[in-house]
1. Taking into account only those residues within the range 255-285 that are free of Cβ contacts under 8 Å to residues at least 40 places away in the same chain and under 28 Å from PRO188 (Cα atoms), which is least open to solvent (accessible area, probe 1.4 Å)?
2. Sort out which residues of the range 105-133 are touching a Lys or Arg at 6+ places or on another chain (Cβ under 9 Å) and either at pLDDT 75 or above or surrounded by 20 or more Cβ atoms within 10 Å (Cβ to Cβ) (or both), and write them in order of number.
3. Taking PHE289, is it out of contact with any Pro (no Cβ under 7 Å at 6 or more places or on another chain) and part of a helix (DSSP H, G or I)?
4. Working only within the range 299-321, note down all residues that are surrounded by fewer than 19 Cβ atoms within 10 Å (Cβ to Cβ), among the polar types (S, T, N, Q) and closer than 19 Å to SER131 by Cβ.
5. Checking the condition of a type in the set (A, V, I, L, M) and more than 33 Å from the chain's Cα centre (by Cα), which residue from ILE71, ILE48, ILE81, ILE93 passes?
6. I'd like to verify a number: residues in the range 17-54 that are without any contact (Cβ under 8 Å) to a residue 40 or more places away in the chain and over 17 Å from ALA310 (Cα atoms), how many?
Amino acid sequence: MFKFSPRNPEKTGDDRPASSLWGYVWRMSGWHQVVVCSLAVLVAALGIAPIELQRRIVDNAITPQDFDLLITLAALYLALIIVHGGIKFVLRIYEGWLSESAIQYNRKHLTRLHAHNEAGSQDESNGRAVSIIGSEIEKLGGFVGDGLSQPVVNSGMLIFGLGYMISVEPMIGLIGVIALIPQVALVPVIQKRINALIEARVEKMRDVSDELSEMSTDKDDDEQLRPINSGITALFNNRMQLFVLKFGMKSLINLLNALAPICVLFVGGYLVIEGQTSVGIIVAFISGFDRMSSPMRELLSYYRVAAQAAVQHKMIAKWMQ
């Protein structure tokens, strides 16, 4: 089994929380983020390169029936896939190491603060501390590893992909740009409501944890369970509202992503019939749009995770003060 040593962030000399989520990410990872983001750019570039190879295989090898060139391009395609997969594996391990290092450091740090009564009041319930040091800090610390690299990978793939398509066939490339506009416009509006639900859920979960930790055999069960059951019901309603917004947004995005290949086939097919483009370009562009739909979904997912991490950072920082 492999054994890794965690990274220990440099001590700042005081126990004050970072002023912002991004300040926290930098404090926990430092210059490692530069290396991670560099790997992310490389992953993004190599992820788009196969599109051009697909075009060349169809137009330069299959159409003129050049078997030797087909073997060369296929071997190059395979080598590219292996290299891309290897670098992506290293990136994921690197991100995981940074995240788990941050989680370990934060748990030790917050446990020490709680033990010395430096966070909160003297009569503060242990339930809230358990919730923060347990599940909340794991989600926040998990953001450290890929908080910068993931948007770099996915936005890079979109930029490289759209740039390649527009340079090869501007009319078809513009279809991809048009397909992204509604997604970019709608997501912030829906996410604002999701953020409010996330913050309310975290606060309600803390309240339930407090009530559970204060239960006593000397008190009436119904009296103790009433606020707990009320809180659990509120958590259920909160989650269902979040599901409606979250999956409704996903369905809309999937619909918009599905429309792009249809438009490519229609417009591209017309251009092929008119002799203005090649079949290889159409094949490569359909593959390209399919490759870009995943980064777009990942970016939207990242937007939600970043918003949740920002809410949790703000609430944990408030608890520490």
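The values are calculated or read from the model by the stated rules, or taken from the named source; none is laboratory data. Predicted model, so just to flag it, every value in this text is computed and none were measured. Glycine also receives a Cβ, built like all others from the backbone with ideal geometry; neighbour counts cover every protein chain displayed. Heavy atoms of the whole protein, side chains included, go into the accessibility calculation; ligands, DNA and RNA do not. Shrake-Rupley method; radii C 1.70, N 1.55, O 1.52, S 1.80 Å.
1. For the range 255-285, the residue satisfying everything is PRO261.
2. Passing the criteria: TYR105, ARG128, SER131, ILE132, ILE133.
3. So PHE289 fails the test.
4. GLN321
5. From the options ILE71, ILE48, ILE81, ILE93, the qualifying one is ILE71.
6. Counting residues in the range 17-54 that are without any contact (Cβ under 8 Å) to a residue 40 or more places away in the chain and over 17 Å from ALA310 (Cα atoms) gives 6.
Condition check ((1) within 30 Å of LYS318 (Cβ to Cβ); (2) open to solvent by 30 Å² or more (accessible area, probe 1.4 Å)) across all residues:
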{"residue": "LEU140", "(1), (2)": "yes, no"}
{"residue": "PHE143", "(1), (2)": "yes, no"}
{"residue": "PRO151", "(1), (2)": "yes, no"}
{"residue": "ASN154", "(1), (2)": "no, no"}
{"residue": "MET165", "(1), (2)": "no, no"}
{"residue": "ILE178", "(1), (2)": "no, yes"}
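Here's the yes/no breakdown for (1) closer than 19 Å to LEU113 by Cβ; (2) of a type in the set (Val, Ile, Thr); (3) in a helix (DSSP H, G or I); (4) in contact with a strand residue (DSSP E or B) (Cβ under 8 Å, 6 or more places away or on another chain):
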{"site": "PHE4", "(1), (2), (3), (4)": "no, no, no, no"}
{"site": "LYS11", "(1), (2), (3), (4)": "yes, no, no, no"}
{"site": "TYR24", "(1), (2), (3), (4)": "yes, no, yes, no"}
{"site": "GLN33", "(1), (2), (3), (4)": "no, no, yes, no"}
{"site": "VAL43", "(1), (2), (3), (4)": "no, yes, yes, no"}
{"site": "ILE48", "(1), (2), (3), (4)": "no, yes, yes, no"}
{"site": "ILE51", "(1), (2), (3), (4)": "no, yes, yes, no"}
